[in-house]
1. Report whether or not residue 201 is in contact with a helix residue (DSSP H, G or I) (Cβ under 7 Å, 6 or more places away or on another chain), free of Cβ contacts under 8 Å to residues at least 60 places away in the same chain, surrounded by 17 or more Cβ atoms within 10 Å (Cβ to Cβ) and not aromatic (Phe, Trp, Tyr).
2. Quick check: is even one residue across the range 216-223 within 24 Å of residue 145 (Cα to Cα), out of contact with any Cys (no Cβ under 9 Å at 6 or more places or on another chain), surrounded by 15 or more Cβ atoms within 10 Å (Cβ to Cβ) and in contact (Cβ under 8 Å) with a residue 40 or more places away in the chain?
3. Output the qualifying pairs, or none if there are none: Cβ atoms under 6 angstrom, residues six or more apart or on different chains, first residue in the range 37-48 and outside the structural domain of residue 263 (by TED's automatic domain parsing), second residue in a helix (DSSP H, G or I) and not acidic (Asp, Glu).
4. Of the residues in the range 110-155, how many are part of a loop (DSSP other than H, G, I, E, B) and among the acidic types (Asp, Glu)?
5. When you go through 130, 159 one by one, which is the residue that is among the aliphatic types (A, V, I, L, M) and in contact with a Ser or Thr (Cβ under 6 Å, 6 or more places away or on another chain)?
6. Quick test of your reading of the structure: residue 59 fulfils all but one of (1) out of contact with any Gly (no Cβ under 8 Å at 6 or more places or on another chain); (2) on the phi > 0 side of the Ramachandran plot; (3) crowded, with 18+ Cβ neighbours inside 10 Å. Name the failing condition by number.
7. Quick one: which helices (runs of 4 or more DSSP H) sit completely within the range 156-270 and have at least 1 residues that are within 21 Å of residue 41 (Cβ to Cβ), outside the structural domain of residue 324 (by TED's automatic domain parsing) and of a type outside the set (Asp, Glu)?
8. Please go through the range 247-268 and give me each residue that is among the β-branched types (Val, Ile, Thr) and closer than 21 Å to residue 152 by Cα, ordered by number.
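The values are calculated or read from the model by the stated rules, or taken from the named source; none is laboratory data. Please read these numbers as outputs of a predicted model, since none were measured by experiment. Because the Cβ atoms are built from the backbone with ideal geometry, glycine has one as well, and the counts that use them run over all protein chains shown.
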Amino acid sequence: MLSGVYTGDERLTVVDSEPETPGAGCVRVRVAYVGICGTDLHILHGAMDARVTMPAVIGHEMSGVVDAIGEGVTGWVVGDPVTVMPLQWDGTCPACRAGNNHVCQQLNFIGIDTPGALQEFWNVPAETLLALPAGVSLQAAALAEPTAVAVHDVYRSNLEAGDHVVVIGGGPIGVLIATVARSRGAEIVVFELDARRRELIEGLGFTALDPREVDQAAWVNSWTAEAGADVVFEVSGAAAAVLAATDLVRVDGTLVVVAIHPKPREVNLQRVFWRELRLVGARVYRREDFEVAIEMIANGAIPTEALITRVVPLMDLQTAFALTASGAAMKVLVEVQGARAGKR
């Protein structure tokens with residue numbers, strides 16, 4: 001079995017090992033595709049070395065089929081197409097007892113805290129599986145996890161039909177947030193630095209602007225009859241964007257922090273106070289968010305073909321990460337199966 005492994009110091013390698021039999025309560029998945037995301041880049045760049053156990057098999061955006069079933073598992077058969085919600089919670093901490101098990105205080109994020117999907121065969125707890133509808137391609141299904149992130153982000157915003165929404169950062173999550181928000185009846189503008197991404201975003205029917213070329217606050221005020229945006233999603237992770245974001249939100253509006261910020265950022269709390277803004281965090285997702293995400297992929301609401309820029313074989317794992325880090329691609333998928341024939 002081939003696996004993509006992070007070994008520290010921005011190094012990735014592909015190693016060979018024997019696949020393990022799934023234990024009680026677990027299922028072995030034959031992984032088809034794995035998406036590379038910003039969290040994976042944070043790991044590669046060493047920002048999460050205190051958390052991951054090296055050598056680390058990472059990756060958590062995926063699709064595949066059931067390959068083997070452990071003792072005590074029911075409801076699944078070999079060959080079932082699936083994706084995985086990569087969260088395990090303890091069920092006993094204060095967060096879990098309050099109904100927030102997706103942000104359990106002892107959360108095991110599979111693919112970060114424990115081995116992830118960048119391997120030909122992946123053993124996971126059966127309860128993390130979600131079935132894929134007939135007709136959904138495994139390539140498209142690899143976008144279920146980031147789509148679930150976007151669904152949860154929009155849920156956290158309390159967005160309503162007719163709202164004016166600003167998305168700061170037009171990467172994969174930003175575009176998915178814009179897509180989910182539009183499906184709820186919102187009007188959207190996306191601020192994005194990269195011209196190639198703006199072109200793709202405009203091709204999907206959104207307004208996409210370069211924040212260096214417009215006065216963002218003046219533009220949003222003109223767009224909203226001087227009110228300001230109902231909801232702003234900060235997806236870029238840039239310090240300047242966080243500081244400017246509060247200037248775009250209307251009185252009693254909402255700023256949702258989506259991006260991972262590796263260190264504290266300056267925030268205009270005077271603006272938060274003066275306009276009675278809501279500052280909301282959005283970290284992962286609930287199972288129902290995943291279910292909505294799969295449904296949106298199945299019914300064609302998510303433009304998966306436009307978002308998947310390139311599919312890279314497992315043996316070229318470094319290329320997949322380099323493309324993602326460069327911003328030259330929207331979403332890069334790693335094709336896990338078939339790697340052995342090209343092993344070098």
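1. yes
2. Looking through the range 216-223, none of the residues is within 24 Å of residue 145 (Cα to Cα), out of contact with any Cys (no Cβ under 9 Å at 6 or more places or on another chain), surrounded by 15 or more Cβ atoms within 10 Å (Cβ to Cβ) and in contact (Cβ under 8 Å) with a residue 40 or more places away in the chain.
3. Cβ pairs passing all conditions: 41/325; 44/321; 48/42.
4. First pass over the range 110-155, keeping only residues part of a loop (DSSP other than H, G, I, E, B): 111-113, 115-118, 120, 132-137, 142-143.
Now narrow it down to the ones that are among the acidic types (Asp, Glu): 113, 120.
Residues meeting the conditions: 2.
5. The conditions single out 130.
6. Here residue 59 meets the rest and fails (1).
7. So the answer is 172-183, 195-203, 239-245.
8. Correct list: 249, 254, 256, 257, 258, 260.
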